[in-house]
1. Among (1) modelled with pLDDT of 85 or more; (2) assigned to a helix (DSSP H, G or I), where does A:A101 come up short?
2. Among (1) surrounded by fewer than 21 Cβ atoms within 10 Å (Cβ to Cβ); (2) at negative phi, which single condition is A:T300 missing?
3. Test each condition in (1) within 13 Å of chain A (Cβ to nearest Cβ); (2) free of Cβ contacts under 8 Å to residues at least 12 places away in the same chain for B:F294 and report the one that comes out false.
4. In region B:213-233, what count of residues is obtained for those that are of a type outside the set (S, T, Y) and buried (at least 18 other Cβ atoms within 10 Å of the Cβ)?
5. Do we have A:T268 as at the interface with another protein chain (Cβ under 10 Å from one of its Cβ atoms), surrounded by fewer than 24 Cβ atoms within 10 Å (Cβ to Cβ) and under 17 Å from A:L398 (Cα atoms) here?
6. Return the total of residues in region A:281-297 being at negative phi and more than 20 Å from the chain's Cα centre (by Cα).
7. Within region B:144-171, track down each residue that is out of contact with any Phe, Trp or Tyr (no Cβ under 8 Å at 6 or more places or on another chain), more than 13 Å from chain A (Cβ to nearest Cβ) and not in a helix (DSSP H, G or I).
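The values are calculated or read from the model by the stated rules, or taken from the named source; none is laboratory data. The shown structure was predicted, so the numbers you read here are calculated from the model rather than taken from an experiment. Glycine gets a Cβ as well: all are built from the backbone with ideal geometry, and neighbour counts include every protein chain shown.
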Protein chains: 2
Amino acid sequence: MIKASIVSVGNEILSGQTVDTNAAHLSAVLLLIGVPVVSSYAVRDEIDAIVRGLNLASADADVILTTGGLGPTDDDLTRQALAKFLGVELELQDERDTRFAGRDRQMPERNKIQAYIPAGAKALANIGTAPGIMAESEGKLFFALPGVPMEMKRMFEESVRPELERFAGGQAVVVKKLKCFGAGESTIAELLGTMMQRGRNPLINCTVSSGIITLHIIATADDKEKAEQMAKKDEKLLQSTLGELIYGVRDQSLAEVVGEKLAQRGKTIAVAESCTGGLLAKLLTDNPGSSKYFTYGWITYSNEAKTSELGVPAELIQEYGAVSEQVARAMAIGARKKAGTDYAISITGIAGPAGGTEQKPVGLVYISVDSENGCDTKRCFFYHGRQFIRLRAAQTVLNILRLKLNI
Amino acid sequence: MIKASIVSVGNEILSGQTVDTNAAHLSAVLLLIGVPVVSSYAVRDEIDAIVRGLNLASADADVILTTGGLGPTDDDLTRQALAKFLGVELELQDERDTRFAGRDRQMPERNKIQAYIPAGAKALANIGTAPGIMAESEGKLFFALPGVPMEMKRMFEESVRPELERFAGGQAVVVKKLKCFGAGESTIAELLGTMMQRGRNPLINCTVSSGIITLHIIATADDKEKAEQMAKKDEKLLQSTLGELIYGVRDQSLAEVVGEKLAQRGKTIAVAESCTGGLLAKLLTDNPGSSKYFTYGWITYSNEAKTSELGVPAELIQEYGAVSEQVARAMAIGARKKAGTDYAISITGIAGPAGGTEQKPVGLVYISVDSENGCDTKRCFFYHGRQFIRLRAAQTVLNILRLKLNI
């Protein structure tokens, strides 16, 4: 199997001013054409550092891609470094190969350096001013791509992908993603057992972000159809093993899945939030087209608001407190009644950092879902600070609604 | 000067499924404590690959940080690799050092591996289940941090930063941050002119994230007091140059500054949102203690909700459309009246991707601020897609309110 390695060139990456999304993008697209990236190096804008990066990368892989350092300024040194690595001089390219010539514009003095590439290499067209470079040496392929993500992506599609498909030939990779909520990473790993073993094909990978677990199924085969079949088979296997823990596919969010289900069934929803303060509504309205099912939302942060807007009796708040099963229930029922929706969900809790007591500590949250089938209320407890408590409360209620909508 | 190098561990990085924001975050915070990152390596979840990364990194730098590979699953191999690199065995730590013991919960079998760290190393507390690791070898410091960004950041602040400040010793670095909103990066660079030159001390760095520009003043001197003075001098200079473009310091958000000003003056606020769908309220209630000034919020996503909840006349919506100056104004006035607050802010617009027309294209947003001094409405236009339009609309109205609260 052909492997790739990436060298990201630029002080702005090592100073943290720029997140290296280029490396992630290249890794993802390369994997999907069957050329896995096995290592990635970020180096400074210095010739020796770049040469060292090229040496390391070419020890790891058959295809080496650099990004950045092709601009016109003094700290753009990738072309010099690539020439040094290849042991050749820089040569002025035929101007027809460079973008400025293509534009029929005079090349500014500053940009002239961009017309030089290592002897024997090929210039790659760019929508920006700096051409990319392709070189072959000792059976390995080198691509120097610009650092501007838009230019880099375009150059990859137009010039790199066709070369690599030729170079790699005869291998297909299919990737499927399953999104899970409601169990931790280790629980899911335990449920999957040997499926997550390393050398397995398809490979099952697991990542966690903001409480959402993403399972990747990466199937490699001689042809696309076979890889697709392998991935599909594992997808079914994971679905039967994890059941309702899987809420979606690809990059779907919980709110997106809930929104889709509401739209499919022609149902509407209203929300009444206290401690989440708009976050739940925000998640639902992140979805394009959410006006189809989302109509009303109340952020009843004060007790008065709960009473005046949702009709929660002041005595109820007095007796049980704003953070209570009774009030969560009254909020959801009040919201559904006022909005005239099919569903209403409410959240009231103590997100902290202040406001907790021994009886009602920070992290205590009541969530309630009201529908024509009645009102269900759940007492939850979350950790890890205000933002996490708020997010997890919103995710949890969305998940409850998702399960209700499955029935 | 002490240098750092980063080893990012994880197939999910090399497969492009995860963008390596950890490396960027660490690079940025390390730079700010005077420990520049000189190289960064991404390696696969394989013991030999991690060991090789550790070798490369320790050839480059004095402080080596790894992220990822500390979880409980079979492909979490950083602790084994670090032990191999250090030439020691893994040892079971005193359980009091591990998070599960602290929680007074039985450690699940699967998580037991997380209690092992290389002999002679120190476990670092984690809000997640996997402790981090600190080791010293041949005068170099090694930190193994978790891959989950929230856990990693917290562990860096609590356990790594104090160690590095001790390790770096002898040189004082003072960093001040100024947060700006209301102008682009290039406008600010132009206003600052030569102040942003590379070799300057204090160094003025500029980063942009979600429309917020952060200026870092990084002053380096022999002692803390001198560095502090240098930084303060530049802070004043920037304040006089940028004026009201600067809204805050440190990591303050716009909503935080607005909240502080409201609390200081004992003023209250209500919000009425259409296209931002709860985002504005969410930003305000992200602030701990926001119940002091935030009381009511309405998400009037449907026209009916605007009329029933905020008293926006149906005829007004009919005549001018829900996205209009008139409706924005009526929403703010209605919200303030109903909530009985000092201020009310409203947002109505077309966040897209659908719903735009020639007269009212996607990105058109009206924002309104009502107070006892009357109601101001502004027509805005934002680009770059639904989420950006929503965020920028919320930020813009918060910024208008901030400027009003300055008077």
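1. Unmet condition: (1).
2. (1)
3. Evaluating B:F294 over (1) within 13 Å of chain A (Cβ to nearest Cβ); (2) free of Cβ contacts under 8 Å to residues at least 12 places away in the same chain leaves (2) as the failure.
4. Adding up the residues that qualify gives 10.
5. Against the criterion (at the interface with another protein chain (Cβ under 10 Å from one of its Cβ atoms), surrounded by fewer than 24 Cβ atoms within 10 Å (Cβ to Cβ) and under 17 Å from A:L398 (Cα atoms)), A:T268 qualifies.
6. Within region A:281-297, residues that are at negative phi and more than 20 Å from the chain's Cα centre (by Cα) number 9.
7. B:A144, B:G169, B:G170, B:Q171
To keep it simple, each residue is scored yes or no on (1) more than 7 Å from every other protein chain (Cβ to nearest Cβ); (2) in a helix (DSSP H, G or I); (3) at pLDDT below 95.
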{"position": "B:A28", "(1), (2), (3)": "no, yes, yes"}
{"position": "B:L31", "(1), (2), (3)": "no, yes, yes"}
{"position": "B:V51", "(1), (2), (3)": "yes, yes, no"}
{"position": "B:A57", "(1), (2), (3)": "yes, yes, no"}
{"position": "B:L82", "(1), (2), (3)": "yes, yes, no"}
{"position": "B:K112", "(1), (2), (3)": "yes, yes, yes"}
